[in-house]
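Input: a single structure, listed below in structure tokens.
The values are calculated or read from the model by the stated rules, or taken from the named source; none is laboratory data. None of the values given here were measured: they were computed from a predicted structure. Using ideal geometry, Cβ is built from the backbone for each residue, glycine included, and neighbour counts are taken over all protein chains shown. Just the protein is used for accessible areas: all its heavy atoms, side chains included, with ligands, DNA and RNA removed. Shrake-Rupley method; radii C 1.70, N 1.55, O 1.52, S 1.80 Å.
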Amino acid sequence: MEEQLSLKQTAEELTRVKGNSRGEIIRTHGLFISYKKGEEGLTAAEKKMAEIGYPLVFKDIKPLDWYPEALSVLVILVSREIFGWTEADVEEMGNNAPKYSLIVKMVMKYFFSLERCLKESPKYWDYHYDFGSIEVAGFDKKAQQVFIRINDYKFHPIVCVFYRGYFKRIAQLVISNQGIACEEVKSAFKGDVYHEYRISW
Amino acid sequence: MNIESAGKMNPEEIIKQKDEDIKRLNESLGDLEFYLRDLSALIPIPICSLSPFDIIVDANNAFQKISEYSLAETTGTPIDVLFLEKKELKDILKRVVIENTARDQEVTLISKSGRKTPVSLSASLRRDQEGNILGYFLAFLDISERKEFSSKLELQVAERTKELQEKIKELEKINKLTVGRELKMVDLKKEIKGLRRKLEMQEKKDVAINQAAKNIAE
């Protein structure tokens, strides 16, 4: 009961942060839950969301409509709580998200080279969010590394883990190399002004 | 919204109208996505799309069924992982870049459980309007039944050929025997003819001797 209250409090704090994201993000969360936990898991997540006062039905989510980003973050937090997911599971959730995403399919035309993908990344961000921004903070082809910066995103630290997996997958789609690593080197939740990820291969 | 009506609108109305247009477009795009998803789910032919780096980015239900991998498992995987003939597959894709398509290339798909399925692969290249390569579409036809039928047929042909060869050998043997007998008969006939001639000569001789003896006695 105490944990549930804590999740409810977190939800209330999250909804105070302004910003919307496309329904596709919540839909891909639902697909991952369904993949890992089946339909029962999906129902359990919906039930928990309703319990904490933020009911949602995954199949009714419209991919291109705007929803509060808080809702998307809450789905991750709820999944972590009810399924006992670890950081690795959340990272896997982020890693899987581009696999199902309609938006990723729409912007796949930018994925024919890493350079083009990086160039188009601000546009890619705008497809997903109506707040914040993304920028390439550094690209060293010789050293085989890219630094991606996210500005003005401050919902919850769980998303840092999610993004780690997410960016790794995007890199896996545009770099012909399977030994890709992604780490968060700066975090707005750890006193930095922005989030920064280093992708190396 | 047309230009004429837009001209009569105030900025707030124009923004509202544009928002509605965007909403409608988004709905249409969503509907289109559902339509494509349903259509793709219905198609019984395994289909997948690849990034320019030969990585699977999407696959339909039929592909998931034949490969025994879910979409989450296949997406992001290099395509050659699923095939026995890795080099041949790379060569096919290289050819597709030059020729835009490839048709009926035989390769073997290895499923999650290790089952090997011979498939006929067709591929086409995806380019954007600027000519950049966006990836490939691949379609597979399960030809295991055709291959099985073909190998059964080959086996049957081989068995029939063996049977025929045995029959030919037998016939040759019979033929040899027959020819041998015929030749023997010809020889025998010649011998009979010779003997008959000898006999006739002997008879003639005997007649002459008898006649001579008769003449002497007289």
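Points worth noting:
- Considering residues of the stretch B:31-53 that are facing chain A (nearest Cβ under 8 Å) and open to solvent by 10 Å² or more (accessible area, probe 1.4 Å) only, the residue farthest from B:Leu93 (Cα to Cα): B:Glu33
- Test: A:Asp60 is free of Cβ contacts under 8 Å to residues at least 12 places away in the same chain and within 14 Å of chain B (Cβ to nearest Cβ): yes
- Residues that are in a loop (DSSP other than H, G, I, E, B) and acidic (Asp, Glu) within the stretch A:64-107 comprise just one, A:Asp65.
- Note on the stretch B:61-80: residues that are within 10 Å of chain A (Cβ to nearest Cβ) and open to solvent by 10 Å² or more (accessible area, probe 1.4 Å) amount to 5.
- Members of the stretch A:35-63 that are crowded, with 18+ Cβ neighbours inside 10 Å, in a helix (DSSP H, G or I) and of a type in the set (Ser, Thr, Tyr): A:Tyr35
- B:Ile168 vs. criteria over 30 Å from A:Ser113 (Cα atoms) and more than 21 Å from the chain's Cα centre (by Cα): yes
- Residue count for the stretch A:91-103 under the criterion of being of a type in the set (A, V, I, L, M) and either surrounded by fewer than 23 Cβ atoms within 10 Å (Cβ to Cβ) or without any contact (Cβ under 8 Å) to a residue 12 or more places away in the chain (or both): the result is 2.
- Condition broken by A:Glu120, with the remaining ones in (1) buried (at least 19 other Cβ atoms within 10 Å of the Cβ); (2) more than 10 Å from chain B (Cβ to nearest Cβ); (3) not β-branched (Val, Ile, Thr) satisfied: (1)
- Candidates A:Val78, A:Val73 - the one that is crowded, with 18+ Cβ neighbours inside 10 Å, in contact with a Phe, Trp or Tyr (Cβ under 6 Å, 6 or more places away or on another chain), more than 14 Å from chain B (Cβ to nearest Cβ) and not aromatic (Phe, Trp, Tyr): A:Val73
- Applying the condition of being assigned to a helix (DSSP H, G or I) and open to solvent by 50 Å² or more (accessible area, probe 1.4 Å) to the stretch B:104-149 and asking which residue is farthest from A:Phe111 (Cα to Cα) yields B:Phe149.
- Restricting the stretch A:160-174 to residues that are more than 14 Å from chain B (Cβ to nearest Cβ) and within 19 Å of A:Ile103 (Cα to Cα), the residue that is surrounded by the most Cβ atoms within 10 Å (Cβ to Cβ): A:Phe162
- Picking from residues in the stretch A:17-26 that are at the interface with another protein chain (Cβ under 10 Å from one of its Cβ atoms) and in a helix (DSSP H, G or I), the one that is surrounded by the fewest Cβ atoms within 10 Å (Cβ to Cβ) is A:Gly23.
- Hey, B:Lys90 within 20 Å of A:Ile175 (Cβ to Cβ), under 22 Å from the mean Cα position of the chain (by Cα) and within 14 Å of another protein chain (Cβ to nearest Cβ) or not: yes
- Residue check, B:Ile14 aliphatic (A, V, I, L, M), part of a helix (DSSP H, G or I), at pLDDT 85 or above and surrounded by 12 or more Cβ atoms within 10 Å (Cβ to Cβ): yes
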